[in-house]
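The values are calculated or read from the model by the stated rules, or taken from the named source; none is laboratory data. Computed from a predicted model, the values in this text were never measured in an experiment. Glycine gets a Cβ as well: all are built from the backbone with ideal geometry, and neighbour counts include every protein chain shown. Calculation scope for accessible area: heavy atoms of the full protein, side chains included, ligands and nucleic acids excluded. Shrake-Rupley method; radii C 1.70, N 1.55, O 1.52, S 1.80 Å.
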Amino acid sequence: MKIWCCLCFAFEDEEAPLKSNKVQDNAMREGILENDNNSESNIGNDVEDAEEAAATRLALALTDNGRERDDQDSLRLFEEMIRAMRGGGTNWDERAPVLDEVVHVVAPLALRKSAICFIRRLQGESSSSTAAAAPVTGRVSEDCDRDMHNKRAKVYSGFHDCRYTEAMSADAGNSSSSADRDFSLGQSSSAPSGNEIFYHNFMWSNSNDENPSDSSGGRDDEHEGGTSKSEDLEVRMDLTDDLLHMVFSFLDHINLSRAAMVCRQWRAASVHEDFWRCLNFENRNISIEQFEDMCQRYPNATEVNIHGVPNMHLLVMKAVYSLRNLQVLTLGRGQLGDHFFHALAECNMLKSLNVNDATLGNGVQEIPINHDRLHHLQLTKCRVVRISVRCPQLETLSLKRSNMAQAVLDCPLLHLLDIGSCHKLSDAAIRAAATSCPQLESLDMSNCSCVSDETLREIALTCVNLHILDASYCPNISLESVRLPMLTVLKLHSCEGIASASMAAISHSYMLEVLELVNCNLLTSVSLELPRLQNIQLVHCRKFADLNLRSIMLSSIMVSNCPALHRINITSNSLQKLSLQKQENLTTLALECQCLQEVDLTDCESLTNSVCEVFSDGGGCPMLRTLVLDNCEVALRSLNLGICPKLSMLNIEAPYMVSLELKGCGVLSEATINCPLLTSLDASFCSQLKDDCLSATTESCPLIESFILMSCPSVGSDGLYSLRWLPHLTLLDLSYTFLMNLQPVFESCLQLKVLKLQACKYLTDVSLEPLYKEGALPVLQELDLSYGTLCQSAIEELLACCTHLTHLSLNGCVNMHDLNWEYSGDQLSAYPSVYNSSTLLSDENIHQSTEQANRLLQNLNCVGCPNIRKVLIPPMACCFHLSSLNLSLSANLKEVDIVCFNLCFLNLSNCCSLEVLKLDCPRLTNLFLQSCNIDEEDVEAAISQCSMLETLDVRFCPKICSISMGRLRSTCPSLKRVFSSLSPP
């Protein structure tokens, strides 16, 4: 690209002006960086076109200040930004440099020249594409001396107004600012000098071109006869104000202040009032003079947040009298005097007032809040004796957790009232407040312990449109004689007065959609027929015994910790999943659910065989596909009988069933399973299952591919010989059995690929000889001999001869000693001795060696082998496919020497005796050395040969300190994650 030729400009001519600005830059950074925690802007708008997407990614990248990039990287970023502005649709790299980097890297004049050349080239290619970059007001070609302060965006003010409207429509219950700007002047814990530095830097960025402190004004004009000023004008010619305005619209105030330090044009663009409609000073140390100055500079600001600011009362008074367009005001953590509430009417445009954790008034008994246009009012966690609210346009009011004794409301349009946890409000005060709002739709009176049924009856008569009611933790209500016909959501948590008689009142709420009954200890039965009910919760109701629900729209039901429940009857056309786990006393279940697909009755021990009638062909669940319960004889595709301790006899005829799980049926002794399409059968822990049952099952289910007989000690040779009826059997699990002879398996399972023999302690040393001497199970790929008693010689023969194995597990084998593949008999003699690490690991031989190797082992697990002391895998072992090796918990392992170019995962955690570690594994990506007593120098030497290592775990290694992490990273530059004892996992 022609743009790269622009890099020939040197930086030598710029050193003088750059050095002169160094003090100011440092001061700016000192004031800004302490505010980085709040530098994220609210740019969550849906950005669909390429222009907004590119600028959004540019702003979101504001995190990585430590990464340095050369001029070409910055130029590439600038090129992609311009291409995106032109509609090129380029995809930004997520790791692209942040704007902070652009500010400090684009500033040098040489890079500016490169950018100028690039933009000129773009403009030369197509004038139409330049016009498509942004709604430009006019191209500056010859009039380059024009004052850029006179160029303002003519099309973006509407864009910001739209974004502000979206912010204003946010939930009034959110105490934090909803605007998309965040101006901050330093953390509250910062030193005052830092605030002053940042404030003056910002004021400098707002100054005009005649300001003597303007680094790109006087100084640049004096340097080489005004060269810098001329070049600055060239930048203005190509980077139009409209383009900058669009990019800057995605930046928060921290980064706008940074951008203002680049050049005069960026400074002029960054202070546009469109970007400063919200002034957020939350928890900042800002003085009254600074706040007043900001209000004067931006009189059209619409949102102010001074929550947690010292002298809050004085500042808010300044805002009330200075900002005539103020619409959203957020306050808190201080005292608001009487004058504020009297002056509130002066804010004619105010729509939302949020006050949190504040003391209202100066000891006056009543605080008046009168405003004709206020829509949203929050007074949460406030301390006041009495309030009076007269706001004819008010729609939402929250007094949550405030301690006022009375609230007088004159709000005819109020539709949301939250008085939750207002403990000092009496029953009469709550009644008066709620009934004075006839348009009320949502009422939260949770934790108001004095509320009575009389108050609810008054509210029901006055507020006929009430849809949402939260009366949780109100012990005095029972809902007797209360009628709320329009109610859609009812929450009753820990209401001691709610009993079965209360259901009569709830049944009159025929519009009810959500019902929550939690911790209602007097409730014994629920019988409801509600046509619109969709969600019901019955949790921790210890006396609840009978549930009867009829609702065609019921889609979610949660029943938990109801120990007395014994009867359930549900009718619904929408319910798809039903979970009734651990209902130990449930004896009767009746379902009429046409769409029900999943039922989980785990640990429902009292259910009898009659429950199967619910799911039979004539039952009320024709769409049922998955069932977990005690004993079932239904034609399903999947059946899980779970832990059924009482199931002793099973008879299943299911022509379409493909999966059956009998795991944990410990007393099951008779089973007739006729499932011709069955492919998976898990009979784990069926200790009474005998050979005759196994033989009958294999004859009637010839398509079984996976058969798990773990912990089935009653299965013997006759049962294993019946496996010959399963020609498709590929997985067999005989772990934790008493087998002494594997010959039936070798003769009957010729297509077996996975064989698991964990903890088969009665197998002799010659039990596996057919595998490595006679070629039994020729397609076997995975073998698990963990916690066995095979001798060392048998293990060595297996490793040396069964080269077709891909996965081998020898965890906990006490007879396994050193894993030394340097001397492994005749198997390695065929490989030339000239093979060494340098030849085998070269790029030329990797593909050829992999094809020639006959050892296919990929995963080797030797976890917790106490007698392993040395692991040696040299190049001549030809483990070209080995990718994972796990030797963790091998407490006596002292030496590990591995040369393997495909090894990706190595786990040596808790090998506390490890002293020697030699690795030549260029493709290793994960190395775990947790709790290893190995020297730091040995680790550095080992990882120096692992050029692709990404994760290193050295937590709890006593000889490796956290300050050495930098040395480890420098030794292996590819490292991305290093876990040490002082770093989070």
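Please tell me if ASP427 is among the acidic types (Asp, Glu) and either closer than 13 Å to CYS448 by Cα or touching a Gly at 6+ places or on another chain (Cβ under 9 Å) (or both).
yes
What number of residues within segment 329-351 satisfy the criterion of being open to solvent by 10 Å² or more (accessible area, probe 1.4 Å) and assigned to a strand (DSSP E or B)?
Total meeting the criteria: 3.
With the checklist (1) touching an Asp or Glu at 6+ places or on another chain (Cβ under 7 Å); (2) assigned to a helix (DSSP H, G or I); (3) not aliphatic (A, V, I, L, M) in hand, flag the one item LYS400 doesn't pass.
(2)
Name the residues in segment 435-450 that are under 40 Å from the mean Cα position of the chain (by Cα) and either modelled with pLDDT of 95 or more or of a type outside the set (A, V, I, L, M, F, W, C) (or both), would you?
GLN439, LEU440, GLU441, SER442, LEU443, ASP444, MET445, SER446, ASN447, SER449
Condition test on LEU739, is it more than 15 Å from CYS802 (Cβ to Cβ) and at pLDDT 95 or above?
For LEU739, the condition - more than 15 Å from CYS802 (Cβ to Cβ) and at pLDDT 95 or above - is not met.
Would you check if there is a residue in segment 923-941 being modelled with pLDDT under 95, of a type in the set (Gly, Ala, Ser), within 26 Å of CYS878 (Cα to Cα) and buried (at least 21 other Cβ atoms within 10 Å of the Cβ)?
no
Mind counting the residues in segment 627-666 that are open to solvent by 10 Å² or more (accessible area, probe 1.4 Å), modelled with pLDDT of 75 or more and either over 21 Å from GLN688 (Cα atoms) or not in a loop (DSSP other than H, G, I, E, B) (or both)?
The number of residues fulfilling the criteria is 11.
If MET261 meets every condition in (1) crowded, with 22+ Cβ neighbours inside 10 Å; (2) outside any helix (DSSP H, G or I); (3) modelled with pLDDT of 90 or more apart from one, which number is that one?
(3)
Residue by residue, here is whether (1) in a strand (DSSP E or B); (2) aromatic (Phe, Trp, Tyr) holds:
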residue: TYR510; (1), (2): no, yes
residue: LEU522; (1), (2): no, no
residue: SER527; (1), (2): yes, no
residue: CYS541; (1), (2): no, no
residue: LEU547; (1), (2): yes, no
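Please enumerate the residues belonging to segment 393-424 that are in contact with a Lys or Arg (Cβ under 9 Å, 6 or more places away or on another chain), closer than 19 Å to ALA345 by Cα and surrounded by fewer than 17 Cβ atoms within 10 Å (Cβ to Cβ).
Hits for segment 393-424 are GLN393, VAL408, ASP410.
Which condition does PRO778 not pass, out of (1) modelled with pLDDT of 90 or more; (2) over 45 Å from the mean Cα position of the chain (by Cα); (3) open to solvent by less than 30 Å² (accessible area, probe 1.4 Å), if it passes all the others?
Unmet condition: (3).
If we only count strands (runs of 3 or more DSSP E) wholly inside segment 869-985, which ones have 2 or more residues that are touching a residue at least 40 places away in the same chain (Cβ under 8 Å)?
So the answer is 870-873.
As an exercise: evaluate ARG297 against (1) of a type outside the set (Val, Ile, Thr); (2) touching a Gly at 6+ places or on another chain (Cβ under 9 Å); (3) open to solvent by 10 Å² or more (accessible area, probe 1.4 Å) and give the number of the one condition it does not meet.
Exception for ARG297: condition (2).
Could you please let me know if GLY788 is open to solvent by 40 Å² or more (accessible area, probe 1.4 Å), of a type in the set (Gly, Ala, Ser), assigned to a loop (DSSP other than H, G, I, E, B) and at pLDDT 55 or above?
Spelling it out, it is not the case that GLY788 is open to solvent by 40 Å² or more (accessible area, probe 1.4 Å), of a type in the set (Gly, Ala, Ser), assigned to a loop (DSSP other than H, G, I, E, B) and at pLDDT 55 or above.
Hey, LEU952 hits all of (1) within 31 Å of the chain's Cα centre (by Cα); (2) closer than 26 Å to ASP784 by Cβ but one; which does it fall short on?
(2)
Restricting segment 296-314 to residues that are part of a loop (DSSP other than H, G, I, E, B) and touching a Cys at 6+ places or on another chain (Cβ under 8 Å), which is farthest from VAL271 (Cα to Cα)?
Applying the filter and picking the extreme gives THR302.
Against the condition modelled with pLDDT of 85 or more and either touching a Gly at 6+ places or on another chain (Cβ under 8 Å) or more than 21 Å from MET558 (Cβ to Cβ) (or both), how does GLN594 come out, does it pass?
yes
Would you point out which residue out of LEU522, LEU528, LEU469, LEU487 is closer than 25 Å to GLN583 by Cα and either surrounded by 18 or more Cβ atoms within 10 Å (Cβ to Cβ) or not aliphatic (A, V, I, L, M) (or both)?
Checking each option against the conditions leaves just LEU528.
Any idea which residue in segment 268-289 is nearest to LEU323 (Cα to Cα), counting only those that are assigned to a strand (DSSP E or B) and either open to solvent by 10 Å² or more (accessible area, probe 1.4 Å) or out of contact with any strand residue (DSSP E or B) (no Cβ under 6 Å at 6 or more places or on another chain) (or both)?
Restricting to residues being assigned to a strand (DSSP E or B) and either open to solvent by 10 Å² or more (accessible area, probe 1.4 Å) or out of contact with any strand residue (DSSP E or B) (no Cβ under 6 Å at 6 or more places or on another chain) (or both), the top hit is ASN280.
Would you be able to say whether some residue in segment 574-586 is over 18 Å from ASN640 (Cα atoms), at pLDDT 90 or above and not in a strand (DSSP E or B)?
yes
Report the residue count in segment 792-823 for those that are buried (at least 19 other Cβ atoms within 10 Å of the Cβ), modelled with pLDDT of 90 or more and outside any loop (DSSP other than H, G, I, E, B).
Count: 2.
When residues of segment 887-898 are filtered for being open to solvent by 30 Å² or more (accessible area, probe 1.4 Å) and either at negative phi or of a type in the set (Val, Ile, Thr) (or both), how many remain?
Of the residues in segment 887-898, 5 are open to solvent by 30 Å² or more (accessible area, probe 1.4 Å) and either at negative phi or of a type in the set (Val, Ile, Thr) (or both).
Looking at the structure I just gave you, is ILE552 outside any strand (DSSP E or B), at pLDDT 90 or above and either small (Gly, Ala, Ser) or in contact with a strand residue (DSSP E or B) (Cβ under 7 Å, 6 or more places away or on another chain) (or both)?
In short, yes.
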